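Heads up: the structure comes next, in structure tokens.
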Amino acid sequence: MPKTRGTGLLMAWTDVDPAHEDEFNRWYDTEYIGRLLAVPGFLSGARYRALRGGPKYLAMYELEDHTVLHSGAYADAVRSQPPGRRMAVSPDTAVRNFLMNGYRQIFPARTHPAENPSESPRYLQMGRINIMASMEEEFNEWYNTCYIPGYLKVPGVIQARRFVAVDAQPKYLTVYEFENPGVPDTKEWMAARDSNPWNRRVRAGMQLDEGSPAVFERIFPRL
């Protein structure tokens, strides 16, 4: 089975002017995503629509590692104009609330080849997070050893990964993969959230980015 995950991510969130939404989605699905997936080191990619939180659209690319984003091939792909049909309007004028960050995986420390999925997750929840500098070391220990293990026991949670942004903000990203979008509404999820006094202490030092946490449903490749 082809490798579908490494230790890097490229994430692009955006809202789109409703007048250009259909055209933007066609352009992205038929032209732009393929252009990036042709870059060496891009392993897989998918697009999502927010069911709660935001921005509304997310493009998520799995990378061999974050250094792919410094390659000439990536720079050329971003700059080049695709052949064939183009948007009638510039994507720059159709989008707003745009955020694009590269990430390096910090939890788990490495991805085992046997855990590479054959398709991109259908449902995601993610939070973009900053933390008080005085609590950063405690925050990472808590997240890896207490917070995530509690959620991994919740029915419907498939996997969780944590990333640190490469020269960008917010600094931290958590990505949960779900079997269905209702997982965060279950009593088991709520119990895990409040199960440990340590949770309340550390959460008090966190700053969640606007729209986080957000739940997303995959729209490309189609379900």
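Key figures for this structure:
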{"item": "Set of lysines with alpha-carbon distance to LYS153 below 19 Å, sequence-local pairs under 8 removed", "result": "LYS187"}
{"item": "Listed residues ALA77, LEU208, ILE106: farthest to the positive end of the dipole of segment 8-217 (Cβ charges)", "result": "LEU208"}
{"item": "Sorted by Cβ neighbour density within 10 Å, fewest at the top, the residues LEU99, LEU37, LEU63", "result": "LEU37, LEU99, LEU63"}
{"item": "The chain - percent relative contact order, Cα under 8 Å, separation 6 or more", "result": "28 percent"}
{"item": "The chain - mean residue ellipticity at 222 nm from DSSP helices (-39,500 (n - 2.57) per run, n ≥ 4, rounded to 500)", "result": "-5000 deg cm²/dmol"}
{"item": "Simple label model, 7 Å out from Cα along Cβ direction - LEU36 to VAL164, nm", "result": "2.3 nm"}
{"item": "Top of ARG203, ARG161, ARG122 by mean-square fluctuation, Gaussian network on the chain, Cα under 10 Å", "result": "ARG203"}
{"item": "Sequence of MET60, MET135, MET126 once ranked by neighbouring C-beta atoms within 10 Å, starting from the fewest", "result": "MET135, MET60, MET126"}
{"item": "In sequence order, calculated HN-Hα J values of segment 190-202 (Karplus, 6.51, -1.76, 1.60; Hz; x Gly/Pro)", "result": "4, 5, 5, 4, 10, 7, 9, x, 4, 4, 5, 5, 6"}
{"item": "Cα-based shape type of segment 91-141, given that a ≥ b ≥ c are square roots of the gyration tensor eigenvalues and the cut on a/c is 1.5", "result": "oblate"}
{"item": "Two-site FRET efficiency, LYS153 against ASP65, from Cβ-Cβ distance with R₀ of 25 Å, rounded to 0.05", "result": "0.25"}
{"item": "Choice from GLN125, GLN105, GLN207 with maximal GNM fluctuation in the chain (Cα, 10 Å cutoff)", "result": "GLN207"}
{"item": "Pairwise FRET efficiency - ASN116 versus SER195, Cβ, R0 = 45 Å, nearest 0.05", "result": "0.90"}
{"item": "Furthest towards positive pole of dipole, ILE131, ASN199, THR30, structure part the chain, Cβ charges", "result": "ASN199"}
{"item": "HIS112, HIS66 arranged by Cβ crowding within 10 Å, fewest neighbours leading", "result": "HIS112, HIS66"}
{"item": "Dipole magnitude of the chain, debye to nearest 20 (Cβ charges: Lys/Arg +1, Asp/Glu -1, about Cα centre)", "result": "220 debye"}
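Where a number appears in this text, it was derived from the coordinates with a stated rule and is not lab data. Please read these numbers as outputs of a predicted model, since none were measured by experiment. Quick reminder, even Gly has a Cβ in these numbers, built from the backbone with ideal geometry, and neighbours come from all protein chains shown.
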